[in-house]
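A short write-up of the structure that comes next.
The values are calculated or read from the model by the stated rules, or taken from the named source; none is laboratory data. For clarity, every value in this text was computed on a predicted model and none was experimentally measured. Methodologically, a virtual Cβ is constructed for each residue, glycine included, from the backbone with ideal geometry; neighbour enumeration extends over all protein chains shown. Side chains included, ligands, DNA and RNA excluded: accessible areas come from the protein's heavy atoms. Shrake-Rupley method; radii C 1.70, N 1.55, O 1.52, S 1.80 Å.
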Amino acid sequence: MSTAITRLARVTGLVASFLTLLVVLSACFEASNAVSAPPVWKNQHTQLFSMDYMSDWDVSTKDLYLGASSPQLEMLQGTLFTRVEDPAASLHVLYATRPNNTVSSRDLMLKLFLGSSQHPMQASSLSITALNGEHWYQGSMEKQVKQSDGSTLAVKETVLGIDHAISANKTELYFIICQDTTSSYAKTSHDYFERMVKSFHFSS
């Protein structure tokens with residue numbers, strides 16, 4: 001009798017273990033086959049602007065220090081949108097209150113963003129584009145960016161800039177900088193940048 005009971009207990013234990021294993025395997029199978037929700041367009045709204053962006057992009061605060069390159073305007077505040085799957089792809093919104101009438105978005109674009117104080121871009125390299133009822137300067141450039149491993153990366157940038165009047169005595173400078181590797185820029189612009197830029201609105 002005791003032998004039969006022992007065998008029954010063993011069989012019951014084996015069945016219980018088998019059922020537990022099935023539950024674990026089933027859970028693992030479901031987890032491995034779980035499909036994450038596809039990315040969707042979201043809206044980033046701040047006190048200064050709003051813009052659409054894809055949910056699989058990171059949003060962070062990143063200011064730009066100009067320093068000696070622009071003694072009259074040393075700092076631009078910024079919001080950076082970065083594509084998680086392709087960190088080289090980014091869109092940077094930069095802004096600052098204009099300190100005086102001698103500083104303009106046009107000059108900063110020619111002498112800092114698209115050129116340098118020693119080799120500024122020609123004014124003719126800029127075009128005017130309409131964006132939600134406002135007229136922005138726009139220009140593009142390609143450059144070689146040095147990587148941490150010493151290699152260089154071919155990058156294309158498109159910069160938009162505007163002197164946005166808040167009142168009779170206050171003007172803000174805004175810049176939108178779209179960047180990606182030269183080889184991927186056209187696709188990234190088609191898939192993301194174009195909609196992001198077109199969705200830009202001033203909050204005030």
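Given +1 at the Cβ of Lys and Arg, -1 at the Cβ of Asp and Glu and no other charges, the dipole of segment 101-166 around its Cα centre is 140 debye to the nearest 20. Taking all protein chains into account, the per residue accessible area for segment 40-199 stands at 54 Å² (1.4 Å probe).
A cut-off under 14 angstrom between Cβ atoms defines the neighbours of residue 122, and their net charge, with Lys, Arg +1 and Asp, Glu -1, is +1. Note on residue 58 and residue 145: with the Förster distance fixed at 30 Å, the Cβ-Cβ geometry gives a FRET efficiency of about 0.95.
Taking the 1.4 Å solvent-accessible surface of segment 40-199 as the whole, the part contributed by carbon and sulfur is 47%. Charge dipole of segment 78-204 (Cα centre as origin; +1 on each Lys and Arg Cβ, -1 on each Asp and Glu Cβ, all else neutral): 220 debye, rounded to the nearest 20. What net charge is computed for the residues neighbouring residue 188, neighbours being all others with C-beta under 10 Å from the C-beta of residue 188, Lys and Arg scored +1, Asp and Glu -1? Around residue 188, the surrounding residues sum to -1.
Accessible-area rank, largest first, for 201, 92, 119: 119, 201, 92, with all protein chains present and a 1.4 angstrom probe.
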